[in-house]
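Below: one structure, written as structure tokens.
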Amino acid sequence: MTLCAQAVRQRRRRGSQLVEMALILLPFMAIFCGFFDVCLAIMKWTTLQNAVREGCRYAVTFRTMSGMGQDMSIKTVVQGYSFGMVSAAASPAQITVNYYTTSAPNTLIAAPNGNTPGNIVEVSVPNAPWAWIAPISGSLLNPRYATSPLSITVTSADILGGYPAGVVSVSR
């Protein structure tokens, strides 16, 4: 084999290496971005679930922050544990606090009543949006992820304990 034939063969190998790399790299990056996207969505869900759980724990103690009622104090605790993913002062409300009686757990107690010992408190973050980062579904011109983002709803509920010593009521 001549030196010239070896050079031609070497150039063909370089071209096929580029094609093979492109055929492998594109699906690999799509899978990698998909894993990354799913991991971030799970992180948001677990963070919000922990935040409403902590808000519910705060609610059963009947504590309030200075200058706030019980509902706003609970929302502030949830906001603090959510790492800025939801806001206590957002409109429409991103964090909800509802009260129910144990005898009628499907009937909402309207404000200003409800936060009395023995009732059920429910702290939730309904429909927190999550827009996908990696555009894997649909086409590039009309991606499905842009028109139907993931919606995360988390809820925690518990029965309110007794008032702390010396307290006879807490404003809602």
If we scan region 36-52, do we find a residue that is part of a helix (DSSP H, G or I), at pLDDT below 90 and among the aromatic types (Phe, Trp, Tyr)?
-> yes
Within region 54-72, which residues are of a type in the set (S, T, N, Q) and farther than 20 Å from residue 118 by Cβ?
-> 66
Quick one: in region 53-64, of everything that is of a type outside the set (Lys, Arg) and part of a helix (DSSP H, G or I), which residue is nearest to residue 95 (Cα to Cα)?
-> 55
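The values are calculated or read from the model by the stated rules, or taken from the named source; none is laboratory data. Nothing here was measured: the structure is a model prediction, and the numbers come from that model. Heads up, the Cβs are rebuilt from the backbone with ideal geometry, glycines too, and the neighbour counts pull from every protein chain shown.
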